[in-house]
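Data first, discussion second: the structure below is written as structure tokens.
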Amino acid sequence: MALTLLRGIRTQTLSGANAGLFCTTRRPPLAHFTARVESVQTSEPKSVRKSIQQATKEAVEQKTHGFEAVIGIETHVQLSTITKAFCSCPYDYGSQPNSTVCPTCMGHPGTLPVLNAKVVECAVKLGLALNCEISMTSKFDRKQYFYPDLPKGYQISQFDIPIAEKGYLDLDIPMEFGGGHRRFGVTRVHMEEDAGKLLHSESGSFSQVDLNRAGVPLLEIVSEPDMRTGIEAAEYGAEIQRVVRYLGVGNGNMQEGSLRCDVNVSVRPIGQSEFGTKVEIKNMNSFSEISRAIDYEIARQILLHKESQADKIVQETRLWDESSQKTFTMRKKEGLADYRYFPEPDLPEVVLTSDYIDEICNSMPELPEAKRRRYENMGLSMQDVIFLANDDIVAHFFDSTLEHGADAKLAANWIMGDITAYLKNEKLSIDEIKLTPLELSELIAFIKNGTISGKIGKEILVELITKGGTVKSVIEEKDLVQIADPAAIEAMVDKVLAENPKQLEQYRAGKTKLQGFFAGQVMKASKGKASPVLLNKILGEKLKGN
């Protein structure tokens, strides 16, 4: 088990009378923390601004312009623990402001942190999933900086001895973006606590501080600067999200701030080993925004190089503005020295044992990369593989369907086709419908053995999705058994041909596409129950005059 010395006395949470209160701070004192986004308009040359859109297009072909981008990502993953990292307060997204706080997470003097052991477990899980070396002994440090939503004036984090380091992440680029396999290095994974949240007034004259999020456990994942395009960076972020969800350590929802990506971008001439000046980009709420923000920033920096204004690329933090599709200066980037790290005196070292790590390792689920390789070995296309492994709930449904004997390709087709179309239309997830993997496998089997046609199968599928039940009961209740009697089908074909002499004459005169018309008429007469194989065979013979 994780050996942690629990020190300090737990404090009582705030009474109901104090819950729901805002701390309010006036905007003018915050001016030196956050610059207005319009500030870029005075610092960026006018000629540069006018040429950005053209450069965005050119950046897609970076190498022909003699430059390459170097991209790294810092990803913050909010953990789905019951309580916060260092106190007993719960955290529920969307709760009334300042309703889940206590003296510890509010930073009151005299309070002491007590480490939540579940945070350590989640950190080890994620470290193993990212192929990292796990530190048998790690420690916490204080990261000093001032901001209104950081009540203690410092953040409890890990500096020089993180819990995991030297890992990598494998992923597959979707076919629509060129395909291919990539491996990106992971520098480190470390534990830390989240800050609170500033809620700015519409007038901009003041801000309110909500400390519900203060003290919520985070894992920060720092990548190596191995990415070269916005697509690669976005897919890296999406793969981190998949891993987090597969492990169950967090929900990974970017809209809630449960997964946040800060991107570092620089450009350099091809062949140059030294990195260019790094710019950090924040405020991206989706993976597509990450891709677009990076592409814009690459274009901006390349253009400055081409205009002999590379000195205007400074180490800073920029915000992505979705409405204008541009990045804007937020503040100059602080260096490590500014944070004045030193060991956290109120928390002991985190000491792990081999047995503890082995126990977690043995409990790990199959991860997205392993699942993709397994699906690929089944003979599925890369498009199928990426789609099915993208969501752990969909992957579980698919695997359960195969366990009941279904053919892998047929099951994939049904899930990716009709089932997904229904889910999108109704805005549901696959675990919210009444269709079970067993009944999907039964449906596939009934179509395969000729009991029902594919068309009837689609009708049954809708019934199973919306109402549940079994394939057998639906077939019996609606009399949907496929007509496989050659004599019965031949009689229907003869009747259709007799009722459509003009079309028959046109067919025999060379208009062979009319065979589909005759087949449709027979299927209509049989209410979709005629065996397609027998129908096409008998109809073909009749049309030839046999």
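Computed values, structure above
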read-out	value
Intensity falloff of the stretch 366-478 expressed as log10 I(q)/I(0), Debye formula with alpha-carbon point scatterers, at q = 0.13, 0.14, 0.18, 0.20 Å⁻¹	-0.46, -0.54, -0.88, -1.07
Accessible surface of the stretch 128-244 [probe 1.4 Å, protein heavy atoms]: carbon and sulfur percent	50 percent
Estimated Rh, the chain: Kirkwood, alpha-carbon pairs, angstrom	27.7 Å
Note, ³J(HN,Hα) from phi for the stretch 209-219, Karplus 6.51, -1.76, 1.60, rounded to Hz, x at Gly and Pro	9, 10, 9, 4, 7, 4, x, 5, x, 10, 10
Order by protection proxy (mean Cβ within 10 Å, highest first), peptides 349-355, 263-269, 421-427	263-269, 349-355, 421-427
Separation of alpha-carbon centers, the stretch 446-500 and the stretch 263-324, rounded to whole Å	59 Å
Diffusion constant of the stretch 258-354 at 25 °C, which comes from Stokes-Einstein with the Kirkwood Cα-pair radius and 0.890 mPa s, µm²/s	156 µm²/s
H200 long-range amide H proximity, modeled H, under 5 Å	Q208
Dipole magnitude (debye, nearest 20) for the chain, charges at Cβ of Lys, Arg, Asp, Glu	1520 debye
Set K467/K527; K166/K312; K152/K332 screened for pairs whose C-alpha atoms are more than 29 Å apart	K166/K312
The stretch 274-425: C-alpha gyration tensor shape, a/c 1.5 cut-off, then a/b vs b/c	oblate
Nitroxide proxy distance, nm - points 7 Å out along Cα→Cβ at N413 and E176	2.2 nm
Kyte-Doolittle at least 1.0, axis length at least 18 Å by Cα - qualifying DSSP helices, the chain	117-129
Accessible area expressed per residue, the stretch 141-236, with surrounding protein chains retained (probe 1.4 Å, Å²)	36 Å²
Along principal axes, Cα extents of the stretch 59-351, largest first, whole Å	59, 47, 35
Alpha-carbon spread of the stretch 486-544, three principal axes, descending order, Å	29, 19, 17
MRE, 222 nm, helices only [DSSP H, n ≥ 4, -39500 (n - 2.57), over the chain, to nearest 500]	-11500 deg cm²/dmol
Relative contact order %, the chain, counting alpha carbon pairs below 8 Å whose residues are six or more apart	16 percent
Average accessible area per residue (Å²) across the stretch 486-544 - probe 1.4 Å, nucleic acids and ligands excluded	59 Å²
Estimated FRET transfer efficiency when R0 is 51 angstrom, pair Q503-H76 (beta carbons, to 0.05)	0.15
Residues whose placed amide H lies under 5 Å from that of Y341, excluding near-sequence neighbours	Q144
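The values are calculated or read from the model by the stated rules, or taken from the named source; none is laboratory data. Remember, predicted model here, so these are calculated numbers, not experimental data. All Cβ positions, even for glycine, are placed from backbone atoms using ideal geometry, and neighbour counts span all protein chains on display. These area figures cover heavy atoms from the full protein model, side chains too; ligands, DNA and RNA do not enter into them. Shrake-Rupley method; radii C 1.70, N 1.55, O 1.52, S 1.80 Å.
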